[in-house]
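Every number in this text was worked out from the coordinates using simple rules, so none of it is lab data. Because the structure is predicted, anything quoted here is derived from the model rather than measured. Because the Cβ atoms are built from the backbone with ideal geometry, glycine has one as well, and the counts that use them run over all protein chains shown.
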Amino acid sequence: MKLIEYKTITMVLFVLIVLTILGHIFQLKYMSDISWILILPTLIYFYSIKKKHKNVFFTVFLIGFAISEFFKMWFFTSELFNHYISYIFIMTAYCSLITFFLKGMDAKRLIKKFKFHIFILITFNLYILYTLNQMILQDDSLEVFTFPFFLEVFYNLLILLILSISLLYYLYTETKQALLLFLACVCIVFSEMIQVAYFFITEEIFLKIGYIVLMAIGFGFIYFYTLLEIKSKSLIKQ
């Protein structure tokens, strides 16, 4: 792949991100929505076309995330229907990403080498999960022990697992690719936490912009991860 192609794709992604942020600042909904929706397909195209040996689980993550964002913004029947469909795809995407990380590690070696880390992460996750659940209960329409409540709890659990497992994956492999994926997961998880605050506490515009910026940075790391993977495969062939 030529350098000019890398620069073109990078520029396209950068322009789409800028248009998304400006659309939210100046309340140009269609511009921000369309720009945001086009970011992930561009990244998927880059990963699918330029990387010959694609990982199925990573591909499912990208596609599932893209479809989820699409259903969040465009309502074909009702907002509630799209909300649940979006959740199905985003949870499928996150489960696929978790599987991608787990497939790259040996469970026995992982537990043996990182017992203390795993204990700390479990404790930390339980505390954050409790905090997130308290945030979603700020919504008076959401009742405890109902399907929507358990859906939100499971969703929050998934994003915390992604953060923890991506960290363990980096510690386990100690590669640049793993570091980029961990940084991407950090941005995605914190953007999701901001989105929880936006949906269930206050719909402040700066929260929405914060969500977009962090998510864009996260997928920027994924873009550079893909770039590094392609380059490493090319060097191996040479």
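Going by a ≥ b ≥ c, the root eigenvalues of the Cα gyration tensor, does segment 60-180 fall in the rounded group (a/c under 1.5), the prolate group (a/b larger than b/c) or the oblate group?
oblate
Tell me whether segment 100-238 comes out rounded, prolate or oblate; compute the Cα gyration tensor, take square roots of the eigenvalues as a ≥ b ≥ c, and use a/c under 1.5 as the rounded threshold.
It is oblate, given that a/c is not under 1.5 and a/b is not larger than b/c.
Could you derive backbone 3J(HN,Hα) for segment 144-150 from the dihedral phi with the Karplus parameters 6.51, -1.76 and 1.60 (θ = phi - 60°), listing whole Hz in sequence and x where the residue is Gly or Pro?
Rounded to whole hertz, the list is 5, 6, 10, 4, x, 5, 5.
What are the ³J(HN,Hα) values, in whole Hz, obtained from phi via the Karplus relation 6.51 cos²θ - 1.76 cosθ + 1.60 with θ = phi - 60°, for each residue of segment 128-142 in sequence order, with x given for Gly and Pro?
Those phi angles translate into 5, 4, 4, 4, 5, 5, 5, 5, 5, 6, 5, 7, 5, 7, 9 Hz.
Looking at this model, which pairs from Lys7/Lys54; Lys72/Lys115; Lys112/Lys176; Lys108/Lys176; Lys7/Lys115; Lys72/Lys108 are more than 31 angstrom apart at the alpha-carbon?
Cα-Cα > 31 Å for Lys72/Lys115; Lys7/Lys115; Lys72/Lys108; rest within.
Report the extension gain between Tyr127 and Phe145 in nm, rounded to one decimal, defined as 0.36 nm multiplied by the number of residues separating them, less their alpha carbon distance.
Result: 4.5 nm gained on full extension.
Tell me the Rg and the Dmax, in Å, that the Cα atoms of the chain produce.
When restricted to the Cα atoms of the chain, Rg and Dmax are 18.4, 61 Å.
Per residue of segment 172-187, in order, report the coupling 6.51 cos²θ - 1.76 cosθ + 1.60 (Karplus, θ = phi - 60°) as ³J(HN,Hα) in whole Hz, putting x for Gly and Pro.
Taking θ as phi minus 60°, the curve returns 6, 9, 6, 10, 5, 4, 5, 5, 4, 5, 5, 4, 4, 5, 4, 5 Hz for segment 172-187.
Lys115 to Phe224: FRET efficiency via 1/(1 + (r/R0)^6), r the Cβ-Cβ distance, R0 22 Å, to the nearest 0.05?
Efficiency, rounded to the nearest 0.05: 0.10.
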